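Student: Please read through the structure below; I'll follow up with questions.
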Amino acid sequence: MKTATLYGASLRRTLIEARRYWFDTAAGVVSIYGFFVIIFLGAKLFGGNTPGFGDTLSGVVVSYALWALVIFSLGAVTFELIQEAQLGTLEQLGMSAFGLPRVLVARALTGLVVQVTIVAGLLTVMMATTGRWLNIDLVSIVPLLAVTLLGIIGFGFVLGGLAIVFKRVQQPLQIFQVVVIALVIAPVGTWTWVKFMPLAWGAHLIKQVMVDENRIFDMVGTDLLFLLAHSFVYFTGGLAVFKYFEHTARDRALLGHY
């Protein structure tokens with residue numbers, strides 16, 4: 001019951017903030033779409049006459065949508081901590097009955113409800129812009145996406161742990177945003193080691209569904225088990241790292257000020 005209350009309150013908070021600061025939300029969506037249009041026009045200009053351009057473009061649409069969703073997911077933890085620290089409420093959050101990690105997990109997961117809705121809308125607009133309509137098999141996409149993002153949230157906790165100790169981590173976050181692009185488009189089939197990196201294997205399987213029109217039931221069982229184990233390790237490992245940084249911040253009395 002208490003857990004349901006926590007998640008319900010987190011979801012209401014996310015929806016209220018999205019509605020109250022609608023202009024900032026809309027500006028973020030427009031900027032993401034505008035950047036995609038620039039990429040699309042560039043790809044069309046330099047690759048429009050090549051035979052494989054259509055398949056490449058489908059991959060670009062999927063990759064960009066995943067990138068946008070991952071950026072939202074990473075910021076869900078890091079920016080949340082920075083904001084709470086700036087408002088001076090981070091220490092109070094850490095003193096709640098649920099504990100800081102559980103509160104942040106609830107906010108990250110409920111925030112994904114809004115973020116997935118926004119990116120789904122963006123994906124529809126991007127498909128209409130490019131004329132490339134992807135295979136939207138929700139039965140296959142939803143579980144693959146959920147497991148993939150779980151691992152990304154775990155990595156977000158690592159950045160969040162850095163934020164409560166070092167306070168300003170905008171530059172490392174921006175660097176990782178660039179790295180995410182490489183992970184999304186990385187040729188997992190060519191470079192086997194890439195599958196062990198965050199996001200890469202999940203993105204590979206999601207592209208198989210949306211671009212190659214495969215179904216999750218037709219995928220190799222070991223591939224799906226690897227994704228589960230991969231995301232579980234990143235999520236639990238990220239939480240462990242965050243708890244270490246939280247303990248360090250408490251010892252140094254860093255939770256109470258920014």
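Student: Here's a check for you: in the stretch 4-39, which residue that is within 29 Å of Arg102 (Cα to Cα) and β-branched (Val, Ile, Thr) is farthest from the chain's Cα centre (by Cα)?
Tutor: Across the stretch 4-39, the extreme among qualifying residues is Thr5.
For (1) at negative phi; (2) touching a Phe, Trp or Tyr at 6+ places or on another chain (Cβ under 7 Å); (3) at pLDDT below 85, each residue gets a yes or a no:
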site	(1), (2), (3)
Thr190	yes, no, yes
His204	yes, no, no
Ile216	yes, no, no
Val220	yes, no, no
Phe226	yes, yes, no
Ser231	yes, no, no
Ala249	yes, no, yes
His257	yes, no, yes
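Student: Sticking with this structure for a sec: Could you tell me which of the residues Phe46, Phe23, Phe72 is at pLDDT 75 or above, aromatic (Phe, Trp, Tyr), farther than 21 Å from Thr236 by Cα and part of a helix (DSSP H, G or I)? Give the derivation first.
Tutor: Working: Phe46 fails: at pLDDT 75 or above; Phe72 fails: farther than 21 Å from Thr236 by Cα.
Going through Phe46, Phe23, Phe72 in turn, the sole match is Phe23.
Student: Then there's this: Checking Thr117 against (1) surrounded by fewer than 17 Cβ atoms within 10 Å (Cβ to Cβ); (2) at pLDDT 85 or above; (3) more than 16 Å from the chain's Cα centre (by Cα); (4) not aliphatic (A, V, I, L, M), only one condition comes out false. Which one?
Tutor: Evaluating Thr117 over (1) surrounded by fewer than 17 Cβ atoms within 10 Å (Cβ to Cβ); (2) at pLDDT 85 or above; (3) more than 16 Å from the chain's Cα centre (by Cα); (4) not aliphatic (A, V, I, L, M) leaves (3) as the failure.
Student: Can you find a residue that is part of a helix (DSSP H, G or I), polar (S, T, N, Q) and surrounded by fewer than 22 Cβ atoms within 10 Å (Cβ to Cβ) anywhere in the stretch 127-141?
Tutor: Restricting attention to the stretch 127-141, the residues satisfying the condition of being part of a helix (DSSP H, G or I) are 127-130, 138-141.
If we keep only those that are polar (S, T, N, Q) as well, we get 129-130, 140.
Filter once more, keeping what is surrounded by fewer than 22 Cβ atoms within 10 Å (Cβ to Cβ): 129-130.
Within the stretch 127-141, one or more residues are part of a helix (DSSP H, G or I), polar (S, T, N, Q) and surrounded by fewer than 22 Cβ atoms within 10 Å (Cβ to Cβ).
Student: Do you know which of the residues in the stretch 207-225 that are over 21 Å from the mean Cα position of the chain (by Cα) and outside any helix (DSSP H, G or I) is surrounded by the fewest Cβ atoms within 10 Å (Cβ to Cβ)?
Tutor: The extreme case among them is Val220.
Student: Okay, moving on. Pairs needed: first member in the stretch 116-127, touching a residue at least 24 places away in the same chain (Cβ under 8 Å); second member anywhere, assigned to a helix (DSSP H, G or I) and buried (at least 19 other Cβ atoms within 10 Å of the Cβ); C-beta distance under 6 Å; at least 6 residues apart or different chains.
Tutor: Pairs found: Val119/Ala65; Val119/Ala68; Val119/Leu69; Leu123/Ala65; Met126/Phe36; Met126/Val61.
Student: For the stretch 195-206, which residues satisfy the criterion of being open to solvent by 40 Å² or more (accessible area, probe 1.4 Å) and either aliphatic (A, V, I, L, M) or within 21 Å of Leu57 (Cα to Cα) (or both)?
Tutor: Met197, His204
Student: If the requirement is being open to solvent by 60 Å² or more (accessible area, probe 1.4 Å) and within 19 Å of the chain's Cα centre (by Cα), which of these qualifies: Leu239, Leu228?
Tutor: Values: Leu239 fails: open to solvent by 60 Å² or more (accessible area, probe 1.4 Å).
Only one candidate qualifies: Leu228.
Student: Could I ask something else about it? Please state which one of Val180, Val188 is part of a helix (DSSP H, G or I) and surrounded by 13 or more Cβ atoms within 10 Å (Cβ to Cβ).
Tutor: Working: Val188 fails: part of a helix (DSSP H, G or I).
Answer to the selection: Val180.
The values are calculated or read from the model by the stated rules, or taken from the named source; none is laboratory data. Owing to the predicted nature of the structure, the values given are computational and were not obtained by experimental measurement. Glycine also receives a Cβ, built like all others from the backbone with ideal geometry; neighbour counts cover every protein chain displayed. Ligands, DNA and RNA are stripped out before the accessible areas are found, and what is left, the full protein with its side chains, is counted by its heavy atoms. Shrake-Rupley method; radii C 1.70, N 1.55, O 1.52, S 1.80 Å.
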